[in-house]
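Colleague: A single structure is presented below for examination.
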Amino acid sequence: MRKLIIRSFILAVILAFGIVAGGFIALQKGALDLEEIRGYVPSKGTMVYADDDSFIGEFKIDKGEYVSLSIVPEHLIKAIVAVEDARFWLHKGLDYIAILRAVSRDIAAGRIKEGGSTITQQLAKVVFLTPERTFVRKLKEAMLAFRLENNMTKEEILELYINKIYFGHGAYGIGMASKAYFGKPVSDINLAEAALLCGLVKAPSRHSPYRNLEKAKLRQDIVLSRMFKEGYISEKQRKEASEEPLYLSSLRYEHKEPNYFLEYVRKYLEDKYGEEMIYNGGFKVYTTLDGKTQEAAEQALREGLRRLDKRQGFRGPMGNREIDVEKEMKESSVSGKVKMNPGDLMTATVLSVSASTAVVKTRGVTGKLMLSDAKWAGKITDSKGNAVKEFAKLSLTDILKPGDTIHVRVKNIKDDTPLFALDQEPLVQGAVVAIESSTGYLRAIVGGYDFSRSEFNRAVFARRQAGSVFKPFIYAAAMENGYTPASIIVDEPVIYPDEELEDWEPDNYDDKYHGATRLREALTRSRNIVTVKLLEDVGVGNVIKFARSLGIRGPFPRNLTLALGSLSVSPVEITSAFSVFAREGVRMTPIGVKYIIDSEGNIIENNEPEGRRVINSQTAFLATSMLEDVVKKGTGWRAKAIKGSVAGKTGTTNENRDAWFLGYTRELVAGVWVGFDDMLTLGEDETGSKAAAPIWVSFMEKALSSSYPFRDESLQFNMPDGIVTAVIDPLTGLLATNETEKMVEFFKEGSVPVEYSTESFRKMVMRQKKELSRIVKPKEDEE
């Protein structure tokens with residue numbers, strides 16, 4: 001048997017050298033030119049900056065953050081060499097000793113157990129070759145390694161290598177890895193941290209400290225041992241580094257790039273200049289993004305979607321595995337520490353659970369989860385939100401058992417022990433758009449809950465039914481066509497016959513009829529029937545023309561369902577349209593890119609704020625005035641939390657598939673949309689007021705205080721010339737007398753009612769209201 005192994009080994013060596021020699025000759029023509037390899041540098045991509053000129057991102061072919069070898073600590077360089085290629089400084093691309101050692105071990109094991117690739121070979125594979133495992137590719141890899149060694153210095157090879165390799169969790173290159181895992185630049189990485197990072201290269205997923213801190217620590221010890229073996233560190237240094245606690249960064253959301261805004265900019269550039277210029281043109285793009293506003297939008301949307309998701313119920317643990325509780329507890333006390341901050345989201349394993357307390361472990365650290373921080377999970381649902389079970393009196397043992405994998409959020413840290421709250425990743429999605437009304441600048445774009453989970457930018461590309469947020473455009477179009485906020489339309493049963501389909505009988509959200517209704521009141525209460533009748537009178541075509549002038553592209557349904565918002569719009573589109581009201585009838589072209597500088601320093605694009613009057617200022621003011629009442633007295637009441645003048649409108653579509661809130665102050669216009677990508681219902685009570693408005697309020701509170709700290713909250717929306725006031729009877733919309741109720745209403749000059757409200761007319765209106773209020777029908781249409 002021993003003779004057979006020796007013969008096989010010799011034969012394998014001969015074959016290996018023969019294949020390599022023959023391959024060099026056969027593959028010479030297909031190889032890259034020497035100059036192409038020698039002159040390889042990262043592609044010059046596009047740099048993107050915020051409105052304050054701070055760097056926010058880059059579009060480039062090469063992933064990661066390129067760092068010079070000169071700023072990389074010496075112990076990190078030694079660590080990567082020790083664990084990946086101990087003879088790196090001695091060989092010329094191929095390490096024959098390592099190859100022979102690997103072949104002999106593979107033969108002894110009877111399988112491929114060990115590889116002999118050098119750092120140079122790995123670089124050739126990562127940069128120049130496809131990942132398939134074939135003899136041809138291995139030959140090309142070996143040949144390229146020789147060429148790299150002959151045309152680049154060892155330092156150049158190593159610099160390119162540490163910037164190209166993958167470290168897991170989306171981190172390409174050592175620069176990005178040091179920030180992702182430890183939240184600091186590579187120049188500040190110590191020996192223990194360097195050993196952990198370099199240990200990831202072989203298998204980033206398997207050795208990730210975020211998935212299994214124990215395995216990551218074992219791999220770190222291997223790196224330190226090899227450094228000691230190579231004489232790079234002393235035994236004392238090895239032991240101290242091995243025992244040093246690892247303060248890992250909170251990986252979740254640590255990368256602060258405004259990815260959805262960047263995706264909007266990337267698509268803009270791609271459409272205008274093409275991919276080649278984006279990734280190789282060396283552009284500098286200066287955008288309208290406000291960093292604080294963007295951060296406020298991202299935070300408000302995430303928190304709002306989490307609240308909504310919890311209201312729907314607990315979908316149960318993500319999985320379960322067998323665990324040795326005693327071993328897990330012991331390892332958690334010696335396996336290192338994680339830097340935790342209140343609010344951080346983590347994946348944890350349940351070690352033990354009682355009725356009121358669970359002990360959980362995450363990233364090598366144990367903590368407690370109390371029943372009070374899991375009360376929301378008393379309703380169990382499936383992946384589609386359907387209720388499966390509900391507990392009248394919840395116990396943690398009802399929903400958790402040892403070995404369960406769950407999401408937890410850090411509540412606080414007490415005596416070095418973290419206290420967690422039960423959490424889960426929401427399935428529901430959303431979007432936030434913010435536009436500065438005075439300039440048209442896009443200040444924030446958030447197109448989903450988490451860019452790493454879904455890159456689809458719903459703020460820009462999702463087209464969803466508008467629901468009641470389209471109603472203000474119908475009422476504003478009516479103001480352009482002779483109506484006033486005091487105009488009366490009777491809210492009553494109405495049927496529209498259809499020869500092909502079933503007759504259409506619209507109804508109000510509250511399933512009631514309210515008789516004679518002023519337009520201001522109808523918009524404030526979002527009355528469907530009044531809106532349908534108003535659309536019928538103004539004309540579908542006229543309303544479509546009006547909406548298009550404000551920037552809504554369509555396509556539009558050319559029927560009366562348009563009154564209930566049956567058209568589909570994107571959040572950025574309808575937010576921009578609302579900004580016309582905020583800007584007193586002037587449509588500001590939405591701007592995301594201010595100017596672009598090419599690689600030679602020339603300004604090749606410059607976008608200044610540009611406005612065009614599309615409706616008269618009186619119409620815009622009347623629309624704003626009515627939308628202020630939506631906030632003060634109607635469905636948008638939550639927005640009263642924002643100090644100063646606020647106008648807004650809620651929207652909810654059929655079966656609660658979409659929830660909207662569009663609103664504005666003098667400074668900022670913002671739109672929020674919430675819904676499922678697959679059009680599932682949000683839940684029976686999840687209207688625009690409940691699901692979307694709280695997100696809008698949370699966002700505006702932070703955005704206004706941080707980006708507009710000196711705003712004058714006492715200022716009202718500007719009342720233009722041509723607007724007058726009159727005292728009217730709120731019941732009839734006619735001029736008030738001493739015998740009637742009174743309210744002040746705004747009118748365009750020349751449109752003030754000339755008739756006075758009479759007692760007989762008032763009695764007739766009240767009698768009609770009473771009769772109609774008795775009619776109740778089954779709920780069919782939503783707000």
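Colleague: Starting from the Cα of GLU771, step 7 Å along the direction of its Cβ; do the same at LYS512; then give the gap between the two resulting points in nm.
Modeller: Calculated label separation equals 1.9 nm.
Colleague: Also, I was wondering about something else. Highest mean first, what order results for 719-726, 427-434 on Cβ atoms within 10 Å?
Modeller: Working: 719-726: 13.5, 427-434: 26.1.
Ranking the peptides 719-726, 427-434 by packing returns 427-434, 719-726.
Colleague: Run the dipole for segment 621-688 about the Cα centre, Lys and Arg Cβ at +1, Asp and Glu Cβ at -1, nothing else charged, and hand back the magnitude in debye, nearest 20.
Modeller: Dipole about the Cα centre, nearest 20: 580 debye.
Colleague: Now a separate question. Label segment 634-679 by shape, choosing from rounded, prolate and oblate, from the square roots a ≥ b ≥ c of the eigenvalues of the Cα gyration tensor; if a/c is under 1.5 it is rounded, and otherwise prolate applies when a/b is larger than b/c, oblate when it is not. Kindly include the intermediate steps, with their values, before the conclusion.
Modeller: Values: a/c = 3.47, a/b = 2.12, b/c = 1.64.
Verdict is prolate for segment 634-679.
Colleague: Now a separate question. To the nearest 10 degrees, how steep is helix 693-707 against the longest Cα principal axis of the chain, on a 0 to 90 scale?
Modeller: The angle comes out at about 70 degrees.
Colleague: Starting from the 7 Å offset along Cα-to-Cβ, what nm value, one decimal, do you get for the label separation of ARG613 and LYS267?
Modeller: 3.4 nm
Colleague: Ok, one more. Would you please put 758-766, 283-291 in order of how densely packed they are, using the mean number of other Cβ atoms within 10 angstrom per residue and starting with the highest? Could you put the intermediate results ahead of the total?
Modeller: Working: 758-766: 13.8, 283-291: 22.9.
Highest-to-lowest ranking by the protection proxy: 283-291, 758-766.
Colleague: Right, another one. Compute the label zone of LYS202 within segment 216-240: residues whose backbone N is under 19 Å from the point 7 Å along Cα-to-Cβ.
Modeller: Taking a point 7 Å out along Cα→Cβ of LYS202, the residues of segment 216-240 whose backbone N falls under 19 Å are 216-233, 238-239.
Colleague: For segment 642-783, divide the Cα radius of gyration by the Kirkwood radius and give the resulting Rg/Rh value with two decimals. Present the calculation step by step, with values, prior to reporting the outcome.
Modeller: On the way: Rg = 20.7 Å, Rh = 19.0 Å.
Reported Rg/Rh, Kirkwood definition of Rh: 1.09.
Colleague: Taking 21 Å as the cut-off for C-alpha to C-alpha distance, list the pairs among LYS361/LYS411; LYS140/LYS164; LYS78/LYS140; LYS632/LYS763; LYS330/LYS361; LYS640/LYS769 that go past it.
Modeller: Values: LYS361/LYS411 15 Å; LYS140/LYS164 19 Å; LYS78/LYS140 28 Å; LYS632/LYS763 28 Å; LYS330/LYS361 11 Å; LYS640/LYS769 30 Å.
Correct reply: LYS78/LYS140; LYS632/LYS763; LYS640/LYS769.
Colleague: Any idea which of PHE747, GLN312, THR624 is furthest toward the positive side of the dipole for the chain, if Lys and Arg beta-carbons carry +1 and Asp and Glu beta-carbons -1?
Modeller: Comparing the listed Cα positions along the dipole, GLN312 ranks first.
Colleague: Rounded, prolate or oblate: which fits segment 311-434, taking a ≥ b ≥ c as square roots of the Cα gyration tensor eigenvalues, rounded meaning a/c under 1.5, else prolate when a/b beats b/c? Intermediate values should be presented prior to the final figure.
Modeller: Values: a/c = 1.89, a/b = 1.33, b/c = 1.42.
It is oblate, given that a/c is not under 1.5 and a/b is not larger than b/c.
Colleague: For GLU243 and TYR595 in the same chain, what is the full-extension length gain: residue separation times 0.36 nm, less their Cα-Cα distance, in nm? Numbers along the way, then the final one.
Modeller: Values: separation 352, 0.36 × 352 = 126.72 nm, distance 5.19 nm.
So the extension gain works out to 121.5 nm.
Colleague: Suppose R0 equals 30 Å. What FRET efficiency, 1/(1 + (r/R0)^6) with r the Cβ-Cβ distance, do ILE413 and ASP188 give to the nearest 0.05?
Modeller: On the way: r = 24 Å, r/R0 = 0.80.
Once rounded, the FRET efficiency stands at 0.80.
Colleague: Report the charge-dipole magnitude of segment 661-783 in Debye, nearest 20, computed about the Cα centre from +1 at each Lys and Arg Cβ and -1 at each Asp and Glu Cβ.
Modeller: Numbers: 14 positive and 22 negative charges, 96 e Å.
In debye, rounded to 20, segment 661-783 gives about 460.
Colleague: Among (1) 27; (2) 10; (3) 40, only one was calculated for this model; which label is it, if the read-out is percent of Cα pairs over 54 Å apart?
Modeller: (1)
Colleague: In degrees, nearest 10, range 0 to 90: what is the angle between the Cα axis of helix 759-773 and the longest Cα principal axis of the chain?
Modeller: The answer is roughly 40 degrees.
Colleague: Under a crude label model (7 Å from the Cα following the beta-carbon direction), how far is ASP398 from MET743 in nanometres?
Modeller: Between ASP398 and MET743, the simple spin-label model gives 4.6 nm.
Colleague: Go through 515-523, 585-593 and give me the packing order, highest mean Cβ count within 10 Å leading. Please list the in-between numbers first.
Modeller: Working: 515-523: 23.7, 585-593: 19.6.
Per-residue Cβ counts within 10 Å, averaged per peptide and sorted highest first, yield 515-523, 585-593.
Colleague: With r defined as the distance between the Cβ atoms of LYS763 and ARG548 and R0 fixed at 60 Å, what FRET efficiency is calculated, to the nearest 0.05? Walk me through the intermediate numbers first.
Modeller: Working: r = 44 Å, r/R0 = 0.73.
It comes to 0.85.
Colleague: Considering the zone a paramagnetic label at ASP721 would reach in this model (a point 7 Å from Cα along the Cα-to-Cβ line), which residues of segment 576-594 have amide N under 19 Å from it?
Modeller: Residues 584-586 qualify, since their backbone N sits under 19 Å from the label point.
Colleague: Determine the calculated [θ] at 222 nm for the chain from helices alone, applying -39500 (n - 2.57) to every DSSP H run no shorter than 4 residues and normalising by the residue count; nearest 500 deg cm²/dmol.
Modeller: Working: 25 runs with 293 residues, N = 783.
Taking each H run of at least 4 residues, the total per residue is -11500 deg cm²/dmol.
Colleague: Right, next: Say R0 is 30 Å: what FRET efficiency, to the nearest 0.05, do ILE380 and GLU257 get from their beta-carbon distance? Present the calculation step by step, with values, prior to reporting the outcome.
Modeller: Working: r = 36 Å, r/R0 = 1.21.
So the FRET efficiency works out to roughly 0.25.
Colleague: Need one word for segment 458-538: rounded, prolate or oblate. Basis is the Cα gyration tensor (sqrt eigenvalues a ≥ b ≥ c); a/c below 1.5 gives rounded, then a/b vs b/c decides.
Modeller: On the way: a/c = 1.60, a/b = 1.08, b/c = 1.47.
In terms of gyration-tensor shape, oblate.
Colleague: Also, I was wondering about something else. So if I place +1 on the C-beta of Lys and Arg and -1 on the C-beta of Asp and Glu, and nothing else carries charge, what would the dipole magnitude of segment 565-675 be about its Cα centre? I want it in debye, nearest 20. Write out the running numbers ahead of the final one.
Modeller: Numbers: 13 positive and 12 negative charges, 144 e Å.
Result for segment 565-675 is approximately 700 debye, rounded to the nearest 20.
Read-outs: derived from the displayed coordinates by stated rules, not from any lab. Note that the structure is a prediction, hence the values are computed from the model and not measured. Please note: Cβ atoms are built from the backbone with ideal geometry, for glycine as well, and neighbour counts cover all protein chains shown.
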